[in-house]
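*Asks:* I have a structure I would like to understand better, so I am pasting it below and will then ask my questions one at a time.
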Amino acid sequence: MSTLILALGNELMKDDGVGLKVGRILADKGYNVVEIGTDIFRLQRYYNGEEKIIIVDAILTDKYKPGEMIHLKGEEVFEKLKAEIRSAHFMGAIDGLKLLMALDERLAKAEIHFVGIVAKEIGLGTELSEEIKSNIPNIIKVIENIVG
Amino acid sequence: MYIPITVDHIARVEGKGGIEIVTSDEGVKEVKLNIIEGPRFFEAITLDKKLEEALAIYPRVCSFCSAAHKLTAVEAAEKAIGFTPRPEIQDLRDLLYIGDMIESHALHLYLLVLPDYLGYSNPLAMVDKYRKEIEYAMTLKNIGSKIIDYLGSRAIHQENAILGGFGKLPTRAQFEELKKELKEALPLAEYTVELFSKLEQYEEVTDDEMVHMAVKPRNGVYGIYGDYIKVSDGFEFPVEDYKKHIVEKVVEHSFAKHSFYKGKPFMVGAISRIVNNADLLYGKAKELYTQYKDLLRYNNCFANNFAQAIELVYFIERAIDLIDDTLAKWPIKERDEVEIRDGFGVSITEAPRGLLVYALEVKDGRVNYADIITPTAMNLAIMERHVRMMAEKHWQDDPEKLKLLAEMAVRAYDPCISCSVHVVRL
């Protein structure tokens, strides 16, 4: 199944950059990765009918420890995140994704995955927290398993 | 009795901001635009960094306007070290910047502004009935994005625009591809003008004291770069004097400073460019400007939406001309050697939302001082004034109606309140 990995985040805001950093590692390993930053609409230019979309992003939550991951799939992505997923910009990434799905039948049929990595600190800086750094090999493995 | 009307989070603007309107039996008591996103400190993070490293950081201030931040920072740095790019390199920087302009205006007009007028809460809700408009928005956005991609080398946070020129240039075939797609996009931009000419500009915010600031374009062509700032009261000043005329003040309720000119709020953005430089428009955009001149009112912030529509046409035509000029000079050397010397440089350019200031001091190859003022920071004070005007007209109406109108006034400025954080909360 063809796969596109979307790396979201801002690498100048400490752990908010984890999606981009994980995305670059995966790109170096030969996976099909697009750095979206904070603009989900860029997906439209790079989407070539891939059947699986994996969104990688930082999340903030008290339910899990920094560095841990959540993996949501299909409708769960839209149900659980709803308006909670926020970009710095005008629309949440999920709302933006839904809009793009409404415009492109192929994307509407794609299998959507969300891998959220729990951030410890979102603030000015380029370094990831130790908790996240040490878990990156595991995060990569999980995403590689999702790619299949 | 005091009644607070609060919009905790202004939807469909870029960043996090809120509006607080307090009314009593007598009328509006207080209006505040609360900027609740943290301040950015991008100036601080680049201090003492090597100049080239700092120039790689500045575009990350905003993934939407990354070309604007990158190119303004590069020009400030080149002025600081005493380097002037060749005209053909400057043309290509204009073209890259125009990519930002097209992308940003298309998204703002169709996905942020239009839902208000058509009675929808968001563009997703519009898609069944107004699919064509959403598709036009994406086509226009995508051509802007493609220009950025080809000249900036990356979709976001371009690395390709560097001191002295570009790391590499697109191929001749890529330029021709861009030209073809720009030509195809032109009718869509003209449709945008027609569509937005029918939308209401709210009389409630008519403000005859409005003052507009814009770059006085270099070489007499309506555009982005210049060495002087024009003010609609007839005053002009060199960009190096910006601190004398754009005075920033800290306000209690906002993380962002407010900006004043001669002690009063002022506006920057598409309508400010039109007010100051309409005589420099040409081609189809000039025709449309002449046809719809009455809608491009200096005294109404809602005219900014229509001004952006006119600019969509202008910048598409301008991009085609720049590509023609480039191809006529082809092949072009991508960059010249630069020598990094000590110095101080100021660049003020026209970002999609208005004036963007970068002032950089370079010492021993490193950034010794940096000052950045974004267009939204400049507009905050006047934005607040216009929300107050809207509130004074509608304070006795249904609070939901007032909330919507106040938000629409803010959205007309196309604010980018903060572009630095994006997180998911569970």
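*Asks:* Percent of Cα-Cα pairs per 10 Å bin, from 0 to the last occupied bin, for chain A, please list those.
*Replies:* Cα pair-distance distribution for chain A, in percent: 12, 46, 35, 7, 0.
*Asks:* When you look at the Cβ of every residue in B:244-251, what mean number of other chain Cβ atoms sits within 10 Å?
*Replies:* Mean shielding by partner chains, rounded to a whole number: 0.
*Asks:* Hey, any idea what the orientation-averaged projected area of the convex hull of region B:291-416's Cα atoms comes to, in nm²?
*Replies:* One quarter of the hull surface, i.e. the mean projection, equals 12.1 nm².
*Asks:* What's the magnitude of the charge dipole for chain B around its Cα centre, counting Lys and Arg as +1 and Asp and Glu as -1 at the beta-carbon? Answer in Debye, nearest 20.
*Replies:* 580
*Asks:* In whole angstrom, and with the biggest value first, how far do the Cα coordinates of region B:177-324 range along each principal axis?
*Replies:* Result for region B:177-324: principal-axis Cα extents of 49, 36, 30 Å.
*Asks:* Shifting gears a bit: Search the structure for amide H atoms under 5 Å from the amide H of B:Met267, placed 1.01 Å from N in the peptide plane, and list their residues when 5 or more places away or on another chain.
*Replies:* B:Val211, B:His212, B:Met213
*Asks:* Considering every residue in B:75-84, what mean count of other chain Cβ atoms within 10 Å of its Cβ is obtained?
*Replies:* Counting other chains' Cβ atoms within 10 Å and averaging over B:75-84 gives 0.
*Asks:* At A:Met69 and B:Glu400, where each label point lies 7 Å from the Cα along Cα→Cβ, what is the point-to-point distance in nanometres?
*Replies:* Inter-label distance under the simple model: 4.3 nm.
*Asks:* Rounded to the nearest 10 degrees, what's the angle between the helix B:131-152 long axis and the longest principal axis of chain B, both from Cα atoms, 0 to 90?
*Replies:* Tilt of helix B:131-152: around 30 degrees.
*Asks:* Run the paramagnetic zone check for B:Glu392: 7 angstrom along Cα to Cβ, then residues of region B:297-318 with backbone nitrogen under 15 Å.
*Replies:* B:300-301
*Asks:* Using amide H atoms built 1.01 Å from N in the peptide plane, name the residues 5+ places from B:Asn34, or on other chains, whose amide H lies under 5 Å from its own.
*Replies:* B:Gly18, B:Ile19, B:Glu20
*Asks:* Now, a different point. How would you order B:376-389, B:282-295 from highest to lowest mean count of nearby Cβ atoms within 10 Å?
*Replies:* Order by mean packing, descending: B:376-389, B:282-295.
*Asks:* Helix A:18-28 against the longest principal axis of chain A: what's the angle in degrees, Cα atoms only, rounded to the nearest 10?
*Replies:* Orientation of helix A:18-28: about 70 degrees from the principal axis.
*Asks:* Step through the table entries B:Lys70/B:Lys216; B:Lys50/B:Lys141; B:Lys129/B:Lys286; B:Lys141/B:Lys293; A:Lys98/B:Lys403, compare each Cα-Cα distance with 28 Å, and write down the pairs that go over it.
*Replies:* B:Lys50/B:Lys141; B:Lys129/B:Lys286
*Asks:* Hey, another quick one. Any chance you could run the full-extension gain for B:Glu53 through B:Lys180? It's 0.36 nm times the residue separation minus the Cα-Cα distance, nm to one decimal.
*Replies:* Gain on stretching B:Glu53 to B:Lys180: 42.2 nm.
*Asks:* Given R₀ = 60 Å, FRET efficiency for B:Asp208-A:Ile136 by Cβ-Cβ distance, to 0.05?
*Replies:* 0.55
*Asks:* Report the FRET efficiency, 1/(1 + (r/R0)^6), for A:Asn48 and B:Ser121, where r is their Cβ-Cβ distance and R0 is 22 Å, rounded to 0.05.
*Replies:* Once rounded, the FRET efficiency stands at 0.10.
*Asks:* Check the straight Cα-Cα distances from B:Lys179 and name the aspartates and glutamates below 13 Å, setting aside those fewer than 8 residues away within the same chain.
*Replies:* Cα-Cα hits under 13 Å: B:Glu317, B:Asp321, B:Asp324, B:Asp325.
*Asks:* Related question: Going Cα to Cα from A:Lys133, which aspartates and glutamates come in below 17 Å? Please leave out same-chain ones fewer than 8 positions away.
*Replies:* A:Glu11, A:Asp15, A:Asp16, A:Asp57, A:Glu68, A:Glu121
*Asks:* As a test of the formula, what do you get for chain B when each DSSP H run with n ≥ 4 contributes -39,500 (n - 2.57) and the sum is divided by the residue count, at 222 nm and rounded to the nearest 500 deg cm²/dmol?
*Replies:* Helices in chain B give a 222 nm mean residue ellipticity of -14000 deg cm²/dmol.
*Asks:* Per-residue counts of other Cβ atoms within 10 Å, averaged by peptide: what ranking do you get for A:139-148, B:364-373, highest first?
*Replies:* Going from most to least packed, we get B:364-373, A:139-148.
*Asks:* Okay, moving on. Taking the mean number of other Cβ atoms within 10 Å as a proxy for protection, how do you rank B:315-321, B:49-55 from highest to lowest?
*Replies:* The densest-packed peptide leads the list: B:315-321, B:49-55.
*Asks:* If one takes the longest principal axis of the Cα atoms in chain A, at what angle in degrees, from 0 to 90 and to the nearest 10, does the Cα axis of helix A:130-147 lie?
*Replies:* Helix A:130-147 sits at roughly 20 degrees to that axis.
*Asks:* Neighbouring Cβ atoms within 10 Å as the yardstick, rank A:Phe78, A:Phe41 fewest first.
*Replies:* Going from least to most buried by this count: A:Phe78, A:Phe41.
*Asks:* Taking the Cα centre of the protein assembly as shown as origin, sum charge times position over the Cβ atoms of Lys and Arg (+1) and Asp and Glu (-1), and report the length of that vector in debye to the nearest 20.
*Replies:* Charge dipole, the protein assembly as shown, about its Cα centre: 660 debye, nearest 20.
*Asks:* Quick check: residue separation of B:Glu287 and B:Val22 times 0.36 nm, minus the Cα distance between them. What number comes out in nm?
*Replies:* Gain in length upon complete extension: 91.0 nm.
*Asks:* For B:Glu252 and A:Glu79, FRET efficiency with R0 = 25 Å and r from the beta-carbon atoms, rounded to 0.05?
*Replies:* Step by step, r from the Cβ atoms, then E = 0.05.
Where a number appears in this text, it was derived from the coordinates with a stated rule and is not lab data. Bear in mind the structure is a predicted one, so any value in this text is a computation, not a measurement. Don't worry about glycine lacking a Cβ; one is built from the backbone with ideal geometry, like all the others, and counts go over all protein chains shown.
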